[in-house]
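Dumping the structure here so I can ask a few things about it.
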Amino acid sequence: MTRQWKEGDKLPPVKLELTLRRAVQAVAGTRDYYPVHHDEKTAQANGAETIFFNTMFLQGFAGRAACEWFGNDAFLRRLEVAMRGSNYIGRTLTAEGAITALRESNGCRLVDADVTLSTEDGPTTVIKLT
């Protein structure tokens with residue numbers, strides 16, 4: 001049974017461990033070979049604490065969270081991403097948010113949500129889902 005969301009409803013947390021293995025898989029999967037995403041020395045030489053995850057990985061995680069909230073047949077029409085901090089390996093990434101609008105269009109139920117991705121270090125990414 002599909003949940004009936006209402007405007008203002010809070011989205012339950014979706015969590016993901018940010019492991020070194022996952023970081024290497026993300027580099028390979030997104031073909032983003034920029035060294036700060038897989039080489040700790042390069043990341044540190046550029047002012048980062050350690051390796052951090054790329055934007056495409058975070059977009060994919062937002063899609064995963066949307067499927068958990070709205071079902072596997074959910075379709076992301078638009079994804080607006082604003083980076084606020086780094087998502088380092090060794091942390092837990094958590095997606096949380098709230099429904100900001102609901103509407104119907106051509107027989108489809110459309111949901112807008114404001115989502116924040118956070119780690120133990122605080123908010124790292126702000127996302128608008130449509």
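When the convex hull of the Cα atoms of the stretch 1-50 is projected onto a plane and the area is averaged over all directions, what value comes out in nm²?
On the way: hull surface 24.9 nm².
The directionally averaged projection comes out at 6.2 nm².
Taking all protein chains together and a probe of 1.4 Å, list 73, 39 from the most accessible to the least accessible. Working shown, then result.
On the way: 73 135, 39 55 Å².
In descending accessible area the options line up as 73, 39.
Ok, one more. As a test question: what accessible area, to the nearest 10 Å², does residue 105 have when a 1.4 Å probe is rolled over all protein chains in place?
Here the residue's solvent-accessible area equals roughly 50 Å².
Could you give P(r) for the chain, binned at 5 Å from zero, as whole percent values over all Cα-Cα pairs?
Spelled out per bin, shortest first, that is 2, 11, 20, 22, 18, 11, 8, 5, 3, 1, 0.
Same structure again: Counting other Cβ atoms within 10 Å, which chymotrypsin sites (Phe, Trp or Tyr not before Pro) in the stretch 6-61 have at most 14 and lie in a DSSP loop?
Details: sites: 33, 52, 53, 57, 61; in loops: 33, 53.
Listed in order of number, the matching sites are 33.
A further question follows. GluC sites (Glu not before Pro) within the stretch 1-107: which are DSSP loop residues with at most 16 other Cβ atoms inside 10 Å? Let's see the in-between values first.
Details: sites: 7, 17, 40, 49, 68, 80, 96, 104; in loops: 7, 49.
Passing sites in the stretch 1-107 are 7, 49.
For the stretch 67-130, run through the trypsin sites (Lys or Arg not before Pro) and keep only the ones in DSSP coil with at most 15 other Cβ atoms within 10 Å of their Cβ. Let's see the in-between values first.
On the way: sites: 77, 78, 84, 91, 103, 109, 128; in loops: 77, 78, 84.
Qualifying residues, ordered by number: 77, 78, 84.
Under 5 Å between amide hydrogens, which residues at least 5 positions from residue 87 or on another chain qualify, with H placed 1.01 Å from N in the peptide plane?
HN-HN under 5 Å from residue 87: 53.
Continuing with this model, one more query. Using a 1.4 Å probe, what is the accessible area per residue for the chain, in Å²?
Numbers: 7720 Å² over 130 residues.
Each residue of the chain exposes 59 Å² on average to a 1.4 Å probe.
The values are calculated or read from the model by the stated rules, or taken from the named source; none is laboratory data. Every value quoted in this text rests on a predicted model; they were computed, and no experiment measured them. Note: ideal-geometry Cβ built from the backbone for every residue, glycine included; neighbour counts use all protein chains shown. Each accessible area value is taken on the protein alone, full model and side chains, heavy atoms only, with ligands, DNA and RNA left out. Shrake-Rupley method; radii C 1.70, N 1.55, O 1.52, S 1.80 Å.
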